[in-house]
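First the structure, in the form of structure tokens, and then the observations on it.
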Amino acid sequence: MHGAAVYRGMDQATLDRQYSPSSRVPSLKAYLGEYERLSTAARRDHPVRTGLAYGTHPAALLDYFPGTGPGRPPLLVFVHGGNWQALGRTESAFFAPPLLAAGAAVAVVEYGLAPDVGLDAMAGMVRLAVDWLLRQADPLGFAPDRLHLCGTSAGAHLAAMALLPGPPSGPDVSGRIAGAVLLSGIYDLEPVRLSYVNEALRLDEAGARRNSPLGLLPTRLPQVVAARGGNETEEYVRQHERMVTALRPRAAVTEVVAEGRDHFDLPYDLGATGTELGEAVLAQMHLGGTTT
């Protein structure tokens, strides 16, 4: 017997399942193991500077893969997922090789996690990482006017927060981001507040509202690639669709629905030629590719 409705007609168990992306895949553990193996290989096979401190928090670290082509390359800054509670830079360089091959530089950002770090501070850390990278553009060797911010899942939420002007925490980097890539994100945190995820996030209603980029978007935004896998929960699909609708009057938007992908393998297509997502990201970065 179902319990009382908690959100949009869903009982607690249904809502919790909708905000658990691993409910749609056979093995989350297999993906996480693959992330780590591929990330280790990326650091082994490509020049990289690991553990660069962008702030004072112990988790305020990033790995930087320089571009190898002539001139100053664009930079893709990657913000990992993990429901704001898991993963880090160690497991999050798996997507980098195709982008490096295309001529981009890549930065992989670590940030503090719940329950030790609250969502306001997490969003502030991502902004701080972007600000630090822009200030270090000359010694790192990338083009500061070609910084593209990418996040997946919880990371897409944090990347979207960095597009907002006048943030409550961290520096304002909203006008300094050339483009955004948002993968399988959550942009309205009210249902998250009502789900099991909030045991770690500890959001109240005001905190959820303050950290919901969907309701805070400015009039103009940089170009955005907004993507999701074909195999996502209905709530992740709804969140994606609402964000795309909200973005369209404000930005040049390329929407990607990758039918053969799910929440966890979608980022493999970043920068991969011959995939809809990869081509869109390369086009946004002016490294070839096509927009849709």
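The values are calculated or read from the model by the stated rules, or taken from the named source; none is laboratory data. Source: prediction; values computed, not measured. Virtual Cβ from ideal backbone geometry, glycine too; neighbours counted across all protein chains shown.
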Original post:
Applying the selection to region 77-110, what residues are crowded, with 24+ Cβ neighbours inside 10 Å and more than 13 Å from D63 (Cβ to Cβ)?
Top reply: G81, W84, L99, A104
Original post:
What number of residues in region 244-268 are surrounded by 24 or more Cβ atoms within 10 Å (Cβ to Cβ) and either under 14 Å from the mean Cα position of the chain (by Cα) or modelled with pLDDT under 95 (or both)?
Top reply: 4
**OP:** State yes or no: is L149 surrounded by 24 or more Cβ atoms within 10 Å (Cβ to Cβ) and over 27 Å from V244 (Cα atoms)?
**Re:** no
**OP:** Sort out which residues of region 211-232 are buried (at least 19 other Cβ atoms within 10 Å of the Cβ) and either hydroxyl-bearing (S, T, Y) or within 19 Å of R8 (Cβ to Cβ) (or both), and write them in order of number.
**Re:** S212, L214, R228, E232
Original post:
Given the residues Y196, Y236, which is the only one that is within 18 Å of P115 (Cα to Cα) and either touching a residue at least 60 places away in the same chain (Cβ under 8 Å) or aliphatic (A, V, I, L, M) (or both)?
Top reply: Y196
Original post:
So which pairs qualify, if the first residue must be in region 202-223 and free of Cβ contacts under 8 Å to residues at least 60 places away in the same chain and among the polar types (S, T, N, Q), the second must be surrounded by 17 or more Cβ atoms within 10 Å (Cβ to Cβ) and in a loop (DSSP other than H, G, I, E, B), the Cβ gap must be under 7 Å, and the two must be at least 6 apart or on different chains?
Top reply: S212/Y187; S212/D188; S212/L189
Subject >> Top-ranked residue in region 19-51 [being assigned to a helix (DSSP H, G or I), modelled with pLDDT of 95 or more and hydrophobic (A, V, I, L, M, F, W, C); ranked as farthest from the chain's Cα centre (by Cα)] >> reply: A41
Subject >> Scope region 104-140; condition touching a strand residue (DSSP E or B) at 6+ places or on another chain (Cβ under 7 Å), in a loop (DSSP other than H, G, I, E, B) and over 22 Å from A283 (Cβ atoms); matching residues >> reply: E110
**OP:** Would you check if E234 is of a type in the set (D, E, K, R), at pLDDT 95 or above and within 16 Å of T275 (Cβ to Cβ)?
**Re:** no
